[in-house]
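The values are calculated or read from the model by the stated rules, or taken from the named source; none is laboratory data. Note that the structure is predicted; figures quoted are calculated from it, not measured. Virtual Cβ from ideal backbone geometry, glycine too; neighbours counted across all protein chains shown. We work out accessible area using only protein heavy atoms, side chains counted, and drop any ligands, DNA or RNA first. Shrake-Rupley method; radii C 1.70, N 1.55, O 1.52, S 1.80 Å.
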Amino acid sequence: MDSLSAEAGLSAAADLIAGAERLVVFTGAGMSAESGVPTFRDTLTGLWARYDAGELATPEAFERDPALVWGWYEWRRELVERVRPNAGHEAVARLDCTVVTQNVDDLHERAGSKKPIHLHGSLFAPRCSGCGKPADAPAVGGAGGEGPRTPPSCRFCQSLVRPGVVWFGETLPVAALEGAVEAAAGADVLITVGTSGVVYPAAEIPQVTAKRGGAVIQINPQPTPLDPFCAVNLRGPAAGVLPEIVR
Ligand code: BV8
Ligand code: ZN
């Protein structure tokens, strides 16, 4: 179904959500854009501009230059600590739904969403790169600015502590992926918000719902490869559209 006029699209989406029995909200970096968190493609500003996100977010990059990669994630963590959930996060928190996110920020939790499923980990769960044990979260509110920072050492085995995120080439946490696929397979309505739908296996999630006959609603200012799977495509920003369709 091609995109209905904006008004019709908004009310069709609102009706689907109001009538949903098992609702999933699937989010990407665009969900946090209006809070001031750069999307994955935009995170490379300033010092980081000379690097490719896909390169920095890899075990090889951490192996090669741990201080550069740790510095990048610490910069992103401090940025997230300085911002607040937006009206989109707040609208999602009002819904009785399962939240599945690719984001490593904690804005869904801070808006009040219960136990969102983090497919790609979190900026707030550092662990040892050797023994895997959780490491102490770095002090809150540091304004370390941009630049390489030496990662702390594990107090159990002295190996380097790494960010608790999933890097390219690494498998996703099994429980998170299984929980997300199960929720998507059982959903009668899934809203996909602010994702370019190019990173796998995460991008499969909305497709699981569509292939099971569920209705998929997309919120994104731009078209994405997920368009063909969607019953309703709403071309707008998350913090503008979600409060409109969540009664
Ligand atoms: C794996 C954590 C087993 C770290 C991330 C199948 C086909 C092709 C490739 C593969 C495949 N299977 C596996 C691969 C390889 C790879 C992959 O998918 N590569 C892609 C690039 C082709 N996948 C993996 O490596 C995965 N692991 O498969 O393991 C394996 C291992 C080896 C070999 C084979 C299999 C692990 C992937 C996870 C990587 N970690 N994040 C960190 O954050 O630093 S991924 C990271 O990038 C994010 O988490 C997210 O998933 C992705 C970015 O996408 P988006 O969130 O969508 O953000 P993006 O910036 O792209 O787009 C923003 C969108 O928002 C845009 O559409 C924009 O229009 C919109 N927008 C902007 N403003 C707003 C808005 N929308 C609404 N409102 C607004 N205001
Ligand atoms: Zn260790």
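Results, tabulated for the structure shown:
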quantity: In degrees, nearest ten, helix 6-18 long axis to first principal axis of the chain (Cα); calculated: 80 degrees
quantity: With every protein chain in place, segment 137-247: carbon and sulfur % of accessible area (1.4 Å); calculated: 58 percent
quantity: Environment charge of Ser159, counting only residues whose C-beta is closer than 14 Å and scoring Lys/Arg +1, Asp/Glu -1; calculated: +3
quantity: Per residue solvent-accessible surface (Å²) - the chain, probe of 1.4 Å; calculated: 46 Å²
quantity: Of every Cα-Cα pair in segment 123-247, the percent that sits beyond 19 Å; calculated: 62 percent
quantity: Projected label distance in nm at Val83 and Glu178, using a 7 Å step from Cα toward the beta-carbon; calculated: 3.3 nm
quantity: Antiparallel DSSP beta bridges within the chain, percent to nearest 5; calculated: 20 percent
quantity: Difference of contour (0.36 nm per residue) and Cα-Cα distance, Arg94 to Lys114; calculated: 6.2 nm
quantity: The chain, Rg to Rh (Cα coordinates; Rh as Kirkwood inverse mean 1/r); calculated: 0.99
